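The values are calculated or read from the model by the stated rules, or taken from the named source; none is laboratory data. As the structure is a prediction and not an experimental result, all values here were calculated from the model. Reconstructed Cβ throughout: ideal geometry from the backbone, glycine too, with neighbour counts over all protein chains shown. Protein only, heavy atoms only, side chains kept; ligands, DNA and RNA dropped before computing areas. Shrake-Rupley method; radii C 1.70, N 1.55, O 1.52, S 1.80 Å.
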Amino acid sequence: MNMVELRDIHKRFGNYTAVDGVSLDIREGEFMTFLGPSGCGKTTCLRMISGFERPTSGTVWLGGRNVTDAPPYARDVNQVFQSYALFPHLTVAENIAFGLKMKKVPGAEIKKRVDRVIESVSLGPMATRKPSQLSGGQRQRVALARAIVCEPKVLLLDEPLSALDAKLRQQMRMELKHLQKKLGISFVFVTHDQEEALTMSDRVAVMSQGKVEQVGAAAEIYHRPATRFVASFIGETNIVGAEVLGTDGGAIVCKLEGGLILKVAGKNGTTPDTGSKWLVSLRPEKIRLQHGPMEGTNVFKATITEETFKGAVDDLTIMTEGGLELQTLVANDGVGELEFDPGDDVWCRLYPEDIVLVKE
C-alpha cells in the first residue's frame with residue numbers, strides 16, 4: 001500500500017520553480033529519503049506533504065485520501081525540524097506530552113503513551129530534565145519522541161541530524177533506522193548527505209533542480225546511476241564520453257575518449273544504437289590495478305601520475321596510453337598491501353558489469 005502519493009506536483013514562488021513535475025509513491029512502513037543539493041526542491045516536497053506549503057498544481061495523497069487542500073492539523077503526519085523547537089520551560093516528559101494535550105487525549109492515556117515512547121528512545125532517566133540539561137543527541141531524541149507519540153502514519157524529518165557532530169550523527173543514523181523498523185511507520189527523510197541516504201534508506205529519491213532524477217534502493221542508486229548527476233552526486237566517479245561501436249556476445253562495445261575500447265554489460269535489456277553518444281560512469285574502486293601483466297576483457301595499461309594517501313585507501317590518478325586521466329582507489333590492507341607510486345606503469349582491469357552507461 002502507498003502511504004504517500006505525489007502526483008505531478010509543481011511549486012512556483014513567483015518566477016522561480018522550486019518543484020517541477022514530481023510524481024512519487026512512498027510505501028507503508030518505508031524509509032524514503034529525498035537526497036540532493038541545497039535548492040533542489042527536497043524540503044519543499046516535504047512541506048507539501050506536511051501541508052505547510054500548497055502545490056501550485058498537482059495533488060498530494062495520504063493513505064489513499066486527497067489532502068492537497070487540507071491544513072497541516074488535518075493530516076496524519078508529524079514533522080521533525082532542523083531546530084528541535086523544544087519548550088525550554090517544560091521537562092522532557094512534558095515536551096513529549098504537549099501534542100497529546102492539544103488533542104485533548106485523556107490524562108491516563110497520555111501518561112501511558114509518553115512512558116512507552118520515552119522508553120523506546122532511551123530517555124527514561126531524563127524524563128524530568130529540562131532541554132538545557134540535555135546533550136544535542138538527547139534533545140534530538142526528545143524531538144523524535146514528541147513527533148511519534150501522536151502515532152502519525154508518516155513521520156517527516158527535515159535534516160534533523162545537521163546540528164550534531166560527526167560521531168553523534170553516525171550514532172543517531174543507526175538509532176533512527178532501528179526506531180523506524182520498530183515503529184513500522186513511514187519515514188520521509190530529507191538530507192544533502194549521501195552517506196546518510198545510503199546507510200538509512202529503503203529507497204532514495206535523488207533530486208536536482210526541482211526534478212527527481214532517479215528513485216531506487218541505495219545499492220541501485222550507487223551501482224546503476226541513471227544520469228550524470230546521480231553518478232556524480234553519489235560517491236566519486238569518472239565520467240567519460242563514449243561512442244557505441246556495436247555489440248559482442250551480449251556486451252556493448254564502446255570507444256571512450258582517449259581511444260580506450262571497453263565492453264559494457266547490456267543496459268536494461270536494450271542495445272544502444274551503433275554510433276550513438278553516451279557517457280560512462282567508472283567508479284574509482286572498480287578499476288583493479290596490479291604491477292604485472294593481466295589477461296582478459298577490458299585490460300589496459302596506464303601510468304600513475306599522482307598518489308594521495310587517505311589512511312584506509314590510496315587515491316591514485318592514472319593516465320592511459322591514449323591520454324585519458326582516471327581516478328582510482330586501492331585499499332591499504334596491511335599484509336596484502338602493494339606499493340603504488342607516481343611514475344609506476346600498471347595494468348588495469350574493468351569488469352563489464354562495473355561500467356555504467358548514463359544519460360547527460
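Observations, loosely collected:
- Of all residues in region 270-284, those that are outside any strand (DSSP E or B) and under 14 Å from P352 (Cα atoms) total 1.
- Look at (1) within 30 Å of Q214 (Cβ to Cβ); (2) open to solvent by less than 70 Å² (accessible area, probe 1.4 Å) and you find that K359 fails only one, number (2).
- Check on D345, open to solvent by less than 20 Å² (accessible area, probe 1.4 Å) and either at pLDDT below 90 or out of contact with any Leu (no Cβ under 8 Å at 6 or more places or on another chain) (or both): no
- Filtered residues of region 295-315 (kept if within 11 Å of L350 (Cβ to Cβ), open to solvent by 20 Å² or more (accessible area, probe 1.4 Å) and in a loop (DSSP other than H, G, I, E, B)): G296, T297
- Checked against the criteria, K11 does not count as within 21 Å of the chain's Cα centre (by Cα) and closer than 26 Å to E196 by Cβ.
- Residue satisfying all of: in region 130-172; modelled with pLDDT under 85 and among the hydroxyl-bearing types (S, T, Y); nearest to A74 (Cα to Cα) among these: S162
- Matching option when the condition is out of contact with any Pro (no Cβ under 6 Å at 6 or more places or on another chain), closer than 30 Å to S83 by Cα, of a type in the set (G, A, S) and touching a residue at least 12 places away in the same chain (Cβ under 8 Å), among G241, G216, G246: G216
- Search result, residues across region 246-269 that are open to solvent by less than 80 Å² (accessible area, probe 1.4 Å), over 17 Å from F300 (Cα atoms), of a type outside the set (D, E, K, R) and assigned to a strand (DSSP E or B): G246, A251, I252
- Scanning region 247-280 for residues that are within 22 Å of W347 (Cβ to Cβ) and touching a helix residue (DSSP H, G or I) at 6+ places or on another chain (Cβ under 9 Å) turns up A251, L262, K263, V264, A265.
- Within region 216-245, the residues that satisfy the criterion of being under 24 Å from T17 (Cβ atoms) and surrounded by fewer than 19 Cβ atoms within 10 Å (Cβ to Cβ) are T227, R228, S232.
- Tally of residues being of a type in the set (S, T, N, Q) and open to solvent by 60 Å² or more (accessible area, probe 1.4 Å) across region 275-292: 1
- A97 being open to solvent by 40 Å² or more (accessible area, probe 1.4 Å) and either modelled with pLDDT of 90 or more or hydrophobic (A, V, I, L, M, F, W, C) (or both): no
- Top-ranked residue in region 27-64 [being among the aliphatic types (A, V, I, L, M) and under 24 Å from A231 (Cβ atoms); ranked as farthest from the chain's Cα centre (by Cα)]: M32
- Residues in region 148-187 that are out of contact with any Lys or Arg (no Cβ under 8 Å at 6 or more places or on another chain), farther than 16 Å from Q138 by Cα and among the β-branched types (V, I, T): V154 only.
- Residue count, region 147-177 (criterion: without any contact (Cβ under 8 Å) to a residue 60 or more places away in the chain and of a type in the set (K, R)): 3
- Selection from region 110-128 of residues that are outside any helix (DSSP H, G or I) and at pLDDT below 85: V121, S122, L123
- Taking the criterion of being open to solvent by less than 70 Å² (accessible area, probe 1.4 Å), closer than 18 Å to V240 by Cβ and either of a type in the set (K, R) or in a loop (DSSP other than H, G, I, E, B) (or both), the residues of region 316-332 that qualify are G322, G323, L324.
- Considering (1) at pLDDT below 90; (2) within 22 Å of I239 (Cα to Cα); (3) part of a helix (DSSP H, G or I), the lone condition that V335 does not fulfil carries the number (2).
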